[in-house]
Amino acid sequence: MKNETVVFGGGCFWCTEAVFQKLKGVKSVISGYAGGNIDNPNYYEVSEGKTQHAEVIKIEYDQQIISFKDLLSVFFAVHNPTSLNRQGNDVGTHYRSVIMYTNKEQKKLSEDAIKKINNSHEFDNPVATEIIPLNKFFTAESYHQNYYQKNMDQPYCVYVIVPKLEKLQEKFKNLLA
């Protein structure tokens, strides 16, 4: 069976990339931009909010090792899906929560997961995560790839990414590679 692909946006792509790289069955995680209105955007254009792109990660995974439902569980646990266009101090439409599906099953499972979360009242507010088809994905500049591994001692990594990795370790130990 071939690998599947999905694109998630959950705030800064440095954070989501670091989390999903730790999961067994995830073959690759690439930071990039998607959901906007120009081709080949760069970090500065996206950060200015003029392109409508989100910072996202493209995940290639082996569905025989990790299910899409498990990927969704991790996605919703490591960011605040009820926060519109913001994650912590990262503010703007490029930090929006978004699932860009590549097939109908991913779309349905994403919709079902959001309904379940909203019905559980786990959060004070409803989920604001967009569910849209993946149109085009643009790989981010090379210095964004594997950012956490290259910059573990940077304050952003220590104060923002490390707590997400600790939460991942605590809640999803069985999914870790």
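The values are calculated or read from the model by the stated rules, or taken from the named source; none is laboratory data. Computed from a predicted structure; not experimentally measured. Because the Cβ atoms are built from the backbone with ideal geometry, glycine has one as well, and the counts that use them run over all protein chains shown.
For a quick check of your reading: which helices (runs of 4 or more DSSP H) sit entirely within region 81-177 and have at least 3 residues that are surrounded by 12 or more Cβ atoms within 10 Å (Cβ to Cβ) and hydrophobic (A, V, I, L, M, F, W, C)?
By residue number, 104-120, 162-171.
Conditions (1) under 23 Å from Thr5 (Cα atoms); (2) more than 17 Å from the chain's Cα centre (by Cα), marked per residue:
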{"position": "Gly88", "(1), (2)": "no, no"}
{"position": "Asn118", "(1), (2)": "no, yes"}
{"position": "Asp124", "(1), (2)": "no, yes"}
{"position": "Tyr147", "(1), (2)": "yes, no"}
{"position": "Lys150", "(1), (2)": "no, yes"}
{"position": "Val160", "(1), (2)": "no, no"}
{"position": "Pro163", "(1), (2)": "no, no"}
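Just one of Leu168, Leu84 is aliphatic (A, V, I, L, M) and under 20 Å from Gly36 (Cβ atoms); which is it?
Exactly one of Leu168, Leu84 is aliphatic (A, V, I, L, M) and under 20 Å from Gly36 (Cβ atoms), namely Leu84.
Residues to consider are Lys27, Lys69; find the one that is within 16 Å of the chain's Cα centre (by Cα), surrounded by fewer than 18 Cβ atoms within 10 Å (Cβ to Cβ) and within 20 Å of Phe138 (Cα to Cα).
Only one candidate passes the filter, namely Lys27.
Search region 33-66 for residues being buried (at least 16 other Cβ atoms within 10 Å of the Cβ) and of a type in the set (A, V, I, L, M, F, W, C), and hand back the single one that is nearest to Pro133 (Cα to Cα).
Ala34
Considering only region 49-66, I want to know if a residue exists there that is of a type in the set (A, V, I, L, M), farther than 19 Å from Tyr147 by Cα and modelled with pLDDT of 95 or more.
Taking every residue of region 49-66 in turn, at least one turns out to be of a type in the set (A, V, I, L, M), farther than 19 Å from Tyr147 by Cα and modelled with pLDDT of 95 or more.
Which residue pairs have Cβ atoms under 7 Å apart, sit 6 or more places apart or on different chains, and have a first residue in region 140-165 that is acidic (Asp, Glu) and a second that is assigned to a helix (DSSP H, G or I)?
Listed by first residue and then by second, the contacts come to Glu141/Tyr43.
Taking the conditions exactly as written (more than 16 Å from Thr16 (Cβ to Cβ), among the aliphatic types (A, V, I, L, M) and in a helix (DSSP H, G or I)), does Leu71 satisfy them or not?
no
Mind listing whichever residues of region 4-41 are in a strand (DSSP E or B) and either among the basic types (Lys, Arg) or in contact with a Pro (Cβ under 9 Å, 6 or more places away or on another chain) (or both)?
Listed by number, the residues that qualify are Gly10, Lys27, Tyr33.
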